[in-house]
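Each remark here refers to the structure printed beneath this line.
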Amino acid sequence: MNFQKLRFLFFSVVFILSINAAIAQMKFDKAPDGYFRIKSVQAGESSLKGEWDQPGRNNQFKQGDNLGLWSRESTNDQFYRFIPAGDGWYNIVSANKGYVDVAGGKNGDGVNVQMWSPNGTVSQKFRFVHLGEGRWKIFTYWGRVLCTPRNFEDGSNVHTWADHNGPWMEWYIINPQNRKYIPPATQITGVVKTYSIDSKSGTRRTQRVDSYSIDVWYFNPKDPKNQYVKGETIETDNTGKFILPEKYSAEQTLMLLANHPDRETVQTLIYPSRGDRTVEIASESYDAENYILLDTRYRGKKYYYEENGVFYFKNGIITRRDDFFFTDINKRTPSVNALIKELGGNGKVSTDAEMVTRVNSVWSFLKKNVKPSMGTKDPKVTEAMEFLFRNAYNNPAQAGGLKSVKRWPTIEEYADTYAKYGFIPLGNCTSHSQGAATLLYAAGLPADKFFISKFNYDMSWIVEHWVIAVNINNRWYSIDPQAAGVNLGTTPETFAVNPYFTNENTSYDFTKCFEAVLLPGSAITKVPYCGDPAKVRALIAEKNKPEFFIKNKKFTYSAGGMVYSSKGTAVVKKINGNSVDVEISSVGMVEGPKGMVKRSSKFIRTITFKNGIYTSGAADDYLYSGKVDKTGTVLDMSGEQDGFTLTVKK
């Protein structure tokens, strides 16, 4: 080896070592998880130009395809994810399965960037630095950055260059779902904002309460028996603010449950791996007499209210999707008419007794003529299912796996399947409920008297259990088509009183659904409570007993604000339900024309207890609210500018 070659080799090694030393000293950021768009910062935030793109509209990458820039499209070659490759390095992989690759493994200015098969070389390893405001630099293994030739127009190239400052060297990483610009993985911060709702005016006012407890739930795909895991409980400060630990920053989905003993539990989903780093939760309380907080099995406390003898879920979801769930439900053919005859006819149902008879007739049909198709090994059942869904699948020719549907089967398709096979195949709870609802409607049940009901049966935020809700004697009942063998009762008085449907303490609480899927023509506008309303009324009466004043009758009184203070005594004069009249005798210092003066007064203050909170006054005028302290001897009532305290006399 001659001197010149040796000299060149020596300086090359020194140069590479210098680059690696410089890279080692740099602080790199974690890349986000998921598929993202990548756009040149030159294009600006609002422009649709300057996004990473491969030639053509490729659903499958081609070896050696150039990586360039193009205006936004919806094809796979414009979506990329970052796969950890060890030691903080990442492979950048497109949705069409191509790996971003520095051509020829070369280190230099102007080296092209292309798409290639995975090869495990350093030419496919990259690191990320977040510059702030959603702007990133992407570094090659040799410390150069991916950049543009100072141009972001369609067809501009992506190549490598020595690191320096300029928007042509910077990239936005964009969440395709919400178009947010992604920051690096950091702590997640949040706030629970608290509001009170006036029952008469509907006015929403900001309210301060003590801290909330935030239950953090995450998804654990490695444990099929316990996929939804409670990580921990985080306490907010007294302004509602909280910070989640860094360990949650890489989770795909988190469900946060904000709990407070005297307010509704609020749940929200956030997606840390997509870049969600802040969350705001709104918690509301209602002062109306007909509102009550009920405990649910998996979502904490929820508000229900009574109207015309029926309790309704305050934040219930009403769904009308006739085109998806009940296509052509009024169509009549010979096979449909024959099926309806077996269901008990479709004559007009006008009384509760007729409702019970017709529901029992359909339930009897389901018990005798439905075969479960979910996980079946019976080829005849599989054949019948394929026939039933032959026109409903998006891709009938798909081989293997679950097939997606463009709609659920029609009454005609159910009738034709029954006529051909002598049974109807039904799969999961959704299939059973949609099928049962279609048959109940065909059998003449009024659309206003039943709906498909959804409720949570575990902590999952992805799936729920579907059943049928039926109104008998102005009371709603939940009945499960998958349990068609359970006795429903043959009269309005005995209908669905089986503990299977009425027990609220098992994993299946049929009484508290959160969503109603309506039948065509239904006038239902609210999601009802599907249990015994008498139980709720008893709970209301018990929860709203003003125990502080039932147990104690005499108090010391103190009050104060910006321009006055007073002290005295208070005695209970009358208790009526959850309302208490307290007579207050006080002497106070108030502001007069010549300064502070002493003044005596005696007056009646009415205090009401509702859902754990004592209130006095009117929300549209001036409202005091408060709670009894932990000792059970002090009630502290606060208003916007002043307050008063009642302390039990010993």
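I'd like the full set of residues that are hydrophobic (A, V, I, L, M, F, W, C) and closer than 30 Å to Ile270 by Cα, limited to the range 453-506.
Phe455, Met459, Trp461, Ile462, Val463, Trp466, Val467
Within the range 63-76, can you find the residues that are at pLDDT 90 or above and either within 28 Å of the chain's Cα centre (by Cα) or farther than 14 Å from Asn175 by Cα (or both)?
The answer is Gln63, Gly64, Asp65, Asn66, Leu67, Gly68, Leu69, Trp70, Ser71.
Within the range 589-604, does at least one residue satisfy the condition of being surrounded by 18 or more Cβ atoms within 10 Å (Cβ to Cβ) and either in contact (Cβ under 8 Å) with a residue 12 or more places away in the chain or of a type outside the set (Asp, Glu) (or both)?
The answer is no; no qualifying residue exists.
Would you point out the residue of the range 278-295, among those that are crowded, with 19+ Cβ neighbours inside 10 Å and either of a type outside the set (Val, Ile, Thr) or more than 23 Å from Tyr248 (Cα to Cα) (or both), that is modelled with the lowest pLDDT?
Restricting to residues being crowded, with 19+ Cβ neighbours inside 10 Å and either of a type outside the set (Val, Ile, Thr) or more than 23 Å from Tyr248 (Cα to Cα) (or both), the top hit is Asp287.
Could you list, ordered by first residue, the pairs with Cβ atoms under 7 Å in which the first is in the range 233-251 and over 23 Å from Lys193 (Cα atoms) and the second is modelled with pLDDT of 90 or more and part of a strand (DSSP E or B), at least 6 apart or interchain?
Glu251/Tyr218
Filter the range 606-623 down to the residues that are at pLDDT 90 or above and either buried (at least 16 other Cβ atoms within 10 Å of the Cβ) or within 32 Å of the chain's Cα centre (by Cα) (or both) and list them by number.
Ile607, Thr608, Phe609, Tyr614, Thr615, Ser616
For Trp136, are the conditions met, namely being buried (at least 21 other Cβ atoms within 10 Å of the Cβ) and in the same structural domain as Asp53 (by TED's automatic domain parsing)?
For Trp136, the condition - buried (at least 21 other Cβ atoms within 10 Å of the Cβ) and in the same structural domain as Asp53 (by TED's automatic domain parsing) - is met.
Of the residues Lys97, Lys62, which single one is closer than 21 Å to Phe128 by Cα, of a type in the set (D, E, K, R) and not in a strand (DSSP E or B)?
Of Lys97, Lys62, the one residue that is closer than 21 Å to Phe128 by Cα, of a type in the set (D, E, K, R) and not in a strand (DSSP E or B) is Lys97.
Residues that are more than 30 Å from Phe28 (Cβ to Cβ) and in a strand (DSSP E or B): does the range 234-244 have at least one?
yes
List the helices (runs of 4 or more DSSP H) that sit entirely inside the range 391-506 and contain at least 1 residues that are over 32 Å from the mean Cα position of the chain (by Cα) and at negative phi.
Ranges flagged: 411-421, 429-442.
Checking the structure you have, find out if any residue of the range 356-370 is farther than 25 Å from Val467 by Cβ and not β-branched (Val, Ile, Thr).
No, the range 356-370 has no match at all.
Restricting to the range 402-459, name every residue that is surrounded by fewer than 18 Cβ atoms within 10 Å (Cβ to Cβ) and of a type in the set (A, V, I, L, M).
Leu402, Val405, Ala419
Between a residue in the range 561-574 that is over 19 Å from Val590 (Cβ atoms) and any residue that is among the aromatic types (Phe, Trp, Tyr) and surrounded by 14 or more Cβ atoms within 10 Å (Cβ to Cβ), which pairs come within a Cβ distance under 6 Å, given they are 6 or more apart or on different chains?
Val572/Phe549
Among the residues of the range 616-650, which ones are within 24 Å of Gly202 (Cα to Cα) and of a type in the set (Phe, Trp, Tyr)?
Within the range 616-650, Tyr622, Tyr624 meet the criteria.
Could you tell me whether Val158 is without any contact (Cβ under 8 Å) to a residue 60 or more places away in the chain, in contact with a strand residue (DSSP E or B) (Cβ under 8 Å, 6 or more places away or on another chain) and not small (Gly, Ala, Ser)?
no
Table: residues versus (1) more than 27 Å from Tyr622 (Cβ to Cβ); (2) buried (at least 19 other Cβ atoms within 10 Å of the Cβ); (3) hydrophobic (A, V, I, L, M, F, W, C); (4) touching a Lys or Arg at 6+ places or on another chain (Cβ under 9 Å).
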| residue | (1), (2), (3), (4) |
| --- | --- |
| Ile214 | yes, yes, yes, no |
| Lys222 | yes, no, no, no |
| Gln227 | yes, no, no, no |
| Thr233 | yes, no, no, no |
| Thr239 | no, no, no, yes |
| Glu246 | yes, no, no, no |
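Residues Pro84, Pro176: which one is within 22 Å of Phe28 (Cβ to Cβ) and at pLDDT below 95?
Exactly one residue qualifies, and that residue is Pro84.
Just name the residue that is modelled with the highest pLDDT out of those in the range 525-543 that are of a type outside the set (Lys, Arg) and touching a Gly at 6+ places or on another chain (Cβ under 7 Å).
It comes out as Val527.
Inside the range 388-401, can you point out the residues that are among the aromatic types (Phe, Trp, Tyr) and either touching a residue at least 40 places away in the same chain (Cβ under 8 Å) or surrounded by fewer than 19 Cβ atoms within 10 Å (Cβ to Cβ) (or both)?
Tyr393, the sole residue that qualifies.
Quick check, is Ala338 farther than 21 Å from Asn471 by Cα, of a type in the set (A, V, I, L, M, F, W, C) and out of contact with any Gly (no Cβ under 7 Å at 6 or more places or on another chain)?
yes
What do you reckon, is Val111 in contact with a helix residue (DSSP H, G or I) (Cβ under 7 Å, 6 or more places away or on another chain), farther than 23 Å from Leu244 by Cα and among the β-branched types (Val, Ile, Thr)?
Yes: the conditions hold for Val111.
Six or more apart or on different chains, Cβ atoms under 6 Å: show the pairs whose first residue is in the range 418-434 and polar (S, T, N, Q) and whose second is part of a loop (DSSP other than H, G, I, E, B) and crowded, with 18+ Cβ neighbours inside 10 Å.
Gln434/Trp408
Would you confirm whether or not the range 91-107 contains a residue that is in contact with a helix residue (DSSP H, G or I) (Cβ under 9 Å, 6 or more places away or on another chain), within 18 Å of Phe152 (Cα to Cα) and modelled with pLDDT under 95?
Checking the range 91-107: not a single residue is in contact with a helix residue (DSSP H, G or I) (Cβ under 9 Å, 6 or more places away or on another chain), within 18 Å of Phe152 (Cα to Cα) and modelled with pLDDT under 95.
The values are calculated or read from the model by the stated rules, or taken from the named source; none is laboratory data. Nothing here was measured: the structure is a model prediction, and the numbers come from that model. Cβ: placed from backbone, ideal geometry, glycine included. Neighbour counts: every protein chain shown.
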